[in-house]
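Chemist: One structure, pasted below without further comment.
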Amino acid sequence: MEQQIDRCGDCHSCCKSFGWIDDNQIKLIDLDIQYEWDRCNKLCDNNRCTIYSTRPQTCTDFECVYVESNLPEEYLPDTIGYVTDLRVDNGGHFLNIIPHESGKSGVTPTEFWKNNYKSIHVMKTTAEEVWSVVVHSINIATASGSETFNV
Ligand code: SF4
Ligand code: SF4
């Protein structure tokens, strides 16, 4: 992801949400980077990455659906309560959704899916338009676990 400060504003939800990613993905991050539960310790007080030019691949691979789209500000991850990242696996493209506030309150992925169905659908159709791809599934990771929904 190329940083687009004008779209991100004061958000930086992505750098505050890595604590929700499962252990396998955390292991992909450089070992000398210590992640707290919900905030990367390479994020300084003014919400800038202090190692931006050498940030790990997990960060460079991150494709924020909001920042690459023309979605209105109500879909800003800090506002909407979750980060939406377009990823690729053997089956094609899928969305990785990482709730921040809801995850902290112990909502299950299924509950989160039901509570946010409309906005998640907007994220899916937006990602498909922006990248000209078909999204085959949506992965939701909360503090209660991770679940994949086929769409
Ligand atoms: S989650 Fe998206 S909008 Fe928010 S700071 Fe990260 S890239 Fe920018
Ligand atoms: S290394 Fe930088 S870009 Fe990656 S999560 Fe931490 S602050 Fe964000």
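Readers should treat all values here as calculations from the given coordinates under stated rules, not as data from a laboratory. The shown structure was predicted, so the numbers you read here are calculated from the model rather than taken from an experiment.
Chemist: In cubic angstrom, how much convex hull volume per residue do the alpha carbon atoms of segment 65-150 span? Spell out each step's value before the answer.
Modeler: Details: hull volume 6.9 nm³, N = 86.
Cα convex hull per residue, to the nearest whole number: 80 Å³.
Chemist: Determine the relative contact order of segment 65-150: mean sequence separation of Cα pairs under 8 Å and six or more apart, normalised by residue count, in whole percent.
Modeler: Relative contact order comes out at 32 percent.
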